[in-house]
Amino acid sequence: MLRALSRVLGVNLDRKLAQLHGRFDELTTRAIAHATEQVKETGLTVGLLLIGAIATLLTLIVVLAALYLWVDTYHGPFVALAVVGAVTASLAALMFVLAYRRARRQPVPAPLYLNPAASPAPSASSPVLVSAALPPLPPNASLFDHLTHRFSTRVAAASDEALDAAIHAMRTSSRPALFGTLAAVALVGVLIGRRR
């Protein structure tokens, strides 16, 4: 009945649904490509930070060994161990004090709600990914074209808000929460990929 009604109004429902499906597939492909690129960049950054941390730890071990050998040469092994212990204890205390001061200075971020009305408006500098992909409506468009365009626009706006919320969560969340979320997403992706 809906097909007959759409033919009376001069609208090819199958063609419109195929166009919507094509647009949705294109938007999905773009969003997945963007998310994949962000994950690659984040993974590379984390890998480089991990290598830097390991190199720093090895350098600290070499410096402590050199300090031990130098003090051992002049004062004996027990004094050398005491000096190395005092240096590492001082370094640990300094790191704890810096971490404590940094935690007190940082403001507590506002909770992130999934309600679109409560989410902040996107800033002018944030990229609009999904809404920009929608073509403008031609002037001689039918009623069904107006309805589908309005629906597509609302879906694109909701996608933009979801992407903005994800970017906000990625920038303000703690690292364990972020890595836990990434691990859960990767697990879901593996499970979905196996079913296909």
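Name the residue that is modelled with the lowest pLDDT, counting only residues in segment 13-30 that are touching a helix residue (DSSP H, G or I) at 6+ places or on another chain (Cβ under 7 Å) and of a type outside the set (Asp, Glu). Lay out the reasoning, then the answer.
Initially, segment 13-30 is screened for residues touching a helix residue (DSSP H, G or I) at 6+ places or on another chain (Cβ under 7 Å), giving 13, 16, 20, 23, 26-27, 30.
So of that shortlist, the ones also of a type outside the set (Asp, Glu) come out as 13, 16, 20, 23, 27, 30.
Working: Leu13: 65, Lys16: 72, Leu20: 77, Arg23: 82, Leu27: 83, Arg30: 84.
It comes out as Leu13.
Among the residues of segment 155-193, just one is without any contact (Cβ under 8 Å) to a residue 40 or more places away in the chain and acidic (Asp, Glu), namely Asp160. If the condition is being exposed (fewer than 14 other Cβ atoms within 10 Å of the Cβ), modelled with pLDDT of 70 or more and over 20 Å from Thr28 (Cα atoms), then segment 112-141 contributes Pro138, Pro139, Asn140, Ala141.
The values are calculated or read from the model by the stated rules, or taken from the named source; none is laboratory data. Computed from a prediction, not measured in an experiment: that's the story for all the values here. Ideal geometry is used to build each Cβ from the backbone, glycine not excepted, and the neighbour counts take in all protein chains shown.
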